[in-house]
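Q: Attaching a single structure in structure tokens format; questions to follow.
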């Protein structure tokens, strides 16, 4: 990811510390959060310093590497409790547990895991680029770019590859309330030099009906055995409207996001987050205290609305 002429990863380990691009501060300012302890990593995941299933998984892997000798098992348990929906978190911690049982150095194991994610996302981009024609207008929801995946992205990887190969690509990025992850997408695309606009979540259907969207690509936090997908709240609506308007709807995700232990999306635990996310923004109160809110962070899109899945192993039309 190129930022002010310098290449960055969203998560990296250096000199015994974990560095994370602080996604709470973007797009207004670029800051790096430094985690020196397991406590710091737990905070970074819970408070969404780091977002995106693959990046969360990598941060958790490095969190195990920051644990004191003999306290790695406890660290794994604490990290598992940070977020319930994204499968990559649990996949990464299982990987670290198995690596430790095999006697692999924890830092080396975490580094290998993170490099594996980057390679998978690069391959997702190479496969998904074939779906994008010159002049394509693509809608995406939430942020599934390099910030969410260490580098390249999942949903944004095909767009990046297409752009670098000279194809003209125009991107609509949903705001994705209440955490406004669409602003992260447009920030990334600006840095990449790609043409994009931010739209209100509820504008997507209007644009689809007017024939201004050719393709929808989103990421995923967990995918069930039958192909049902849990992703950021609002994804289900986009999939239904896309199908109504005969617009292809693709999910881009690495194999680590597939949870073959569950049969359908009905089994996926949906995280409900604090009401503060809806009632305040950057410390500014938006609603009076008496207003009651619900804040589900994810929804589940049934497989029947999904055209295909873009993975590191190719494009799958069904699972």
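Nothing in this text is a laboratory measurement; each read-out follows from the coordinates by a stated rule. This structure is a prediction, so every number in the text was calculated from the model and none was measured. Note that each Cβ is placed from the backbone with ideal geometry, even for glycine, and that neighbours are counted across all protein chains shown.
Q: Compute the label zone of residue 226 within segment 292-319: residues whose backbone N is under 13 Å from the point 7 Å along Cα-to-Cβ.
A: So the set is 301-305, 319.
Q: Follow-up question, since we're still on this one. What 222 nm value per residue comes from the helices of the chain, counting each DSSP H run with n ≥ 4 as -39,500 (n - 2.57) and dividing by all residues, nearest 500 deg cm²/dmol?
A: The helix-only estimate for the chain comes to -10500 deg cm²/dmol at 222 nm.
Q: Could you bin all the Cα-Cα distances of segment 126-316 into 5 Å bins starting at 0 and give me the percent of pairs in each, rounded to whole numbers?
A: 1, 8, 17, 20, 21, 16, 10, 5, 2, 0, 0
Q: Please work out the FRET efficiency for the pair residue 294 and residue 240, using the Cβ-Cβ distance as r and a Förster radius of 22 Å; give the result to the nearest 0.05.
A: 0.60
Q: Compute the Rg to Rh ratio over segment 130-176 from the alpha carbon atoms, using the Kirkwood formula for Rh, and round to two decimal places.
A: Taking Rh as the inverse mean 1/r over Cα pairs, Rg/Rh reads 0.96.
Q: Could you tell me the center-to-center distance, by alpha carbons, between segment 84-157 and segment 291-319 in angstrom?
A: After rounding, the separation between the Cα centres reads 16 Å.
Q: Give the peptides 165-176, 286-297 in descending order of average Cβ contacts within 10 Å, highest first.
A: 165-176, 286-297
Q: Sticking with this structure for a sec: Could you grab the Rg to Rh ratio for segment 171-281? Cα atoms only, Kirkwood for Rh.
A: 0.98
Q: Same structure again: Quick one: work out the % antiparallel among DSSP beta bridges in segment 141-291, nearest 5.
A: Antiparallel bridges: around 30 percent, rounded to the nearest 5.
Q: Going by Cα centres, segment 166-222 and segment 254-270 are how many Å apart?
A: Measuring centre to centre over Cα atoms gives 25 Å.
Q: In nm, to one decimal, how far is the residue 102 label point from the residue 81 one, both placed 7 Å along Cα→Cβ?
A: 2.9
Q: Okay, moving on. State, to one decimal in nm, how far the label point of residue 43 lies from the label point of residue 279, with both points 7 Å from Cα in the Cβ direction.
A: 2.4
Q: Something else about it: Considering only DSSP beta bridges with both partners in the chain, what is the antiparallel share in %, to the nearest 5?
A: Beta bridges within the chain, antiparallel portion: roughly 50 percent.
Q: Once you have the Cα-Cα distance between residue 122 and residue 267, take 0.36 nm times their residue separation minus that, and quote the gain in nm to one decimal.
A: That works out to 49.2 nm of additional length.
Q: Taking N as the number of residues in the chain, what is its alpha-carbon radius of gyration divided by 2.2 N^0.38 Å?
A: 0.95
Q: Please give the residues of segment 125-140, grouped as numeric ranges, whose backbone N is less than 18 Å from a label point set 7 Å along the Cα-to-Cβ vector of residue 168.
A: Those under the cut-off are 132-139.
Q: Now for a different question. Once all Cα-Cα distances of segment 93-230 are split into 10 Å bins that start at 0, what whole-number percent is in each one?
A: Taking all Cα pairs of segment 93-230, the binned fractions are 12, 37, 32, 14, 6, 1 percent.
Q: Also, quick follow-up: Under a GNM of the chain (C-alpha, springs under 10 Å), which listed residue has the highest mean-square fluctuation: 156, 189, 89?
A: Checking each option, the largest mean-square fluctuation is seen for 189.
Q: Apply the Debye scattering formula to segment 26-110, with a single equal point scatterer on each alpha-carbon and no solvent, then give log10 I(q)/I(0) at q = 0.12, 0.26 Å⁻¹.
A: Taken in order of the listed q values, log10 I(q)/I(0) reads -0.32, -1.33.
Q: Let me ask something additional. For segment 1-150, evaluate the Debye formula with one uniform point scatterer on each Cα (no solvent term) and list log10 I(q)/I(0) at q = 0.16 Å⁻¹, rounded to two decimals.
A: Here the Debye-derived log intensity ratios amount to -0.85.
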